[in-house]
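Structure in structure tokens, see below.
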Amino acid sequence: MQHPNFETQHPLQQDEQETGYDPLQNYYNRNRDRGSLDSAVESTFQSYRKEWDDLFQNSNYLARTRQAGINGRLRSSRFRSVCWKLYLDVLSEDKTQWISRTKEHRAQYEKIKETHITNPRKAAGQHDLVVNNPLSQDEGSLWNKFFQDKELRGMIKQDVLRTFPEMLYFQEEDVRTKLTDILFCYARENERLLYKQGMHELLAPIVFVLHCDHQAFQHASETANPSEEMKVLLDPKFHEHDAYAMFSLLMETAEPWFSSFEREVRKGKEEMLTSIPFARPQDSGPSVAIVTKVNRIQDQLVKKHDIELYMHLNRLEIAPQIYGIRWVRLLFGREFPLQDLLVVWDALFTDSITLDLVDYVFVAMLLYIRDALIASNFQTCLGLLMHYPPIGDIHSLLLKALFLRDPKNNPRPVNYQFQQNLDYYKTRGADLVNKTRASTKAAPLNINKVSSSLLNFGRKLIAPMGGGSSGISPINNEVISAPPPQAPVPRPLAEPPSCTAPSNTQMKSQPFPQTHHQHRLLKSESLPQPQLK
């Protein structure tokens with residue numbers, strides 16, 4: 001894919017011919033055009049090299065790189081994946097170790113893949129055929145392991161097939177195979193957690209960012225000889241290896257959000273939850289980490305920054321688990337178009353590997369639509385939270401999150417509010433409630449699935465003993481994905497990267513223009529979902 005700085009006009013295209021004919025003109029033109037081509041090629045690599053030097057060749061490079069990430073300046077960067085590796089500790093701060101660390105991670109993945117992706121047919125002659133046959137139930141049988149692996153891979157592949165369906169890149173078989181292999185190897189390396197639905201949506205943006213940087217590197221390397229660091233770090237042959245390393249380190253933080261194992265509430269900040277008089281059942285005793293997290297965000301942060309909004313959500317009995325688990329687990333992957341999502345991830349990763357900023361982005365998102373939420377009933381609120389409206393400038397949301405966390409060291413951002421026209425969200429909320437009323441049987445409780453069971457769970461946690469007086473339940477059997485309306489908001493000034501993805505924040509004149517970005521909601525991992533028309 002061409003970089004925007006590269007000439008779009010063919011360098012050999014002839015200018016308008018003058019009257020008359022000079023037999024030497026073609027010779028002069030050919031030399032002149034070759035010179036302009038060389039100049040354009042050299043300019044392209046110089047631009048590429050300058051960006052590398054600006055990011056990584058300064059004595060205080062790490063602080064400058066982090067500042068670029070938090071300020072949204074990586075939107076059009078050709079080295080975003082290298083920055084993410086730094087933020088996630090895939091690369092060390094010492095640049096002299098970059099090449100050796102990269103090779104270690106790649107060798108480790110080769111070993112993991114060789115261990116877990118096996119073919120029992122090739123090993124059949126080397127083992128006892130009494131044990132190593134397709135009917136054996138022995139734990140040591142390669143065939144027994146093969147059939148178990150096939151079932152796990154099938155479940156992963158089912159989700160991979162639904163990854164970013166609006167993007168052609170993720171429909172390529174080679175890309176799907178990479179995603180499946182990475183997730184399978186991670187599951188086998190983490191047998192206690194295995195694979196949980198939603199992990200594929202944390203991996204996909206990482207794979208895409210690496211792909212974009214590889215495209216830019218290949219284009220630049222055609223024009224000049226890149227440095228050894230560039231050659232090693234951006235080698236397209238190790239796309240899958242690098243993606244696994246980045247995903248594994250990201251999951252070190254995100255793993256508790258996917259785990260269904262109960263844990264004791266930790267001492268420290270979360271101790272407040274169990275010391276509150278008349279605490280709700282979900283606030284005391286063993287808890288699932290993700291439930292504790294979203295409850296704490298609403299009960300402490302939202303209450304601190306907007307007591308009116310907090311009381312309104314409680315009055316409507318909208319538990320944070322209903323929408324918040326998906327927001328946190330996928331790092332807001334379903335709430336923003338991909339280009340904006342990458343800017344959000346830039347800020348989350350550069351801020352801290354522990355992803356502390358997630359809590360404040362969560363609150364900033366609620367405050368963006370707070371007037372609409374407060375003015376709405378249960379149905380419309382549910383529609384707004386489950387189909388989050390588009391934001392014109394995603395960086396304004398991040399500035400708000402930084403200000404909420406540390407108002408002394410971050411400037412107060414300009415007020416931004418959702419331009420209200422709630423008919424769309426009223427309809428979406430009504431759809432959810434109508435599906436609930438049509439349901440005759442509640443889905444079994446499984447905290448790992450963001451589906452009807454999640455809504456059931458959230459409703460149970462906050463419902464009074466006698467049941468709600470409204471008689472309306474937010475539980476739905478299946479959340480139908482639909483494109484949300486567009487608000488007429490200006491685009492940020494930053495240029496899109498050379499490797500582009502669809503965006504749903506283009507400026508339109510109508511109050512609800514059509515959007516090219518299909519918002520995707522998590523489906524059950526056990527059943528294939530029909531495509532939307």
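The values are calculated or read from the model by the stated rules, or taken from the named source; none is laboratory data. Quick caveat, the model's predicted, so the values are computed rather than measured. Virtual Cβ from ideal backbone geometry, glycine too; neighbours counted across all protein chains shown. Side chains are part of the model used for accessible areas, which takes the heavy atoms of the whole protein and leaves out ligands, DNA and RNA. Shrake-Rupley method; radii C 1.70, N 1.55, O 1.52, S 1.80 Å.
Quick one: is Arg34 open to solvent by 100 Å² or more (accessible area, probe 1.4 Å) and either assigned by the TED database to the domain that holds Ser352 or modelled with pLDDT of 50 or more (or both)?
Spelling it out, Arg34 is indeed open to solvent by 100 Å² or more (accessible area, probe 1.4 Å) and either assigned by the TED database to the domain that holds Ser352 or modelled with pLDDT of 50 or more (or both).
For Gln420, all conditions in the list (1) assigned to a helix (DSSP H, G or I); (2) of a type outside the set (A, V, I, L, M, F, W, C); (3) modelled with pLDDT under 80; (4) farther than 29 Å from Ser260 by Cβ hold save one; what is the number of the exception?
Only one criterion in (1) assigned to a helix (DSSP H, G or I); (2) of a type outside the set (A, V, I, L, M, F, W, C); (3) modelled with pLDDT under 80; (4) farther than 29 Å from Ser260 by Cβ is unmet by Gln420, namely (1).
Any idea which of Tyr360, Tyr310 is in contact with a Leu (Cβ under 6 Å, 6 or more places away or on another chain), open to solvent by 10 Å² or more (accessible area, probe 1.4 Å) and outside the structural domain of Gln197 (by the TED database)?
Selected residue: Tyr360, the only one of Tyr360, Tyr310 that is in contact with a Leu (Cβ under 6 Å, 6 or more places away or on another chain), open to solvent by 10 Å² or more (accessible area, probe 1.4 Å) and outside the structural domain of Gln197 (by the TED database).
Within the stretch 197-232, track down each residue that is farther than 22 Å from Arg334 by Cβ, open to solvent by less than 20 Å² (accessible area, probe 1.4 Å) and small (Gly, Ala, Ser).
Selection gives Ala216, Ala220.
Residues that are modelled with pLDDT of 90 or more: which helices (runs of 4 or more DSSP H) entirely in the stretch 87-167 hold 1 or more of them?
Output list reads 98-116, 142-160.
Name the residues in the stretch 368-407 that are open to solvent by 40 Å² or more (accessible area, probe 1.4 Å), out of contact with any Pro (no Cβ under 8 Å at 6 or more places or on another chain) and in a helix (DSSP H, G or I), would you?
If the condition is that a residue be open to solvent by 40 Å² or more (accessible area, probe 1.4 Å), out of contact with any Pro (no Cβ under 8 Å at 6 or more places or on another chain) and in a helix (DSSP H, G or I), then Arg370, Asp371, Ile374, Gln379, Arg405 are the ones that fit.
When both residues are 6+ apart or on different chains and their Cβ atoms are under 9 Å apart, which pairs have a first residue that lies in the stretch 157-169 and is under 15 Å from Pro337 (Cα atoms) and not assigned by the TED database to the domain that holds Val209, and a second that is of a type in the set (Val, Ile, Thr) and open to solvent by less than 10 Å² (accessible area, probe 1.4 Å)?
Qualifying pairs under 9 Å: none.
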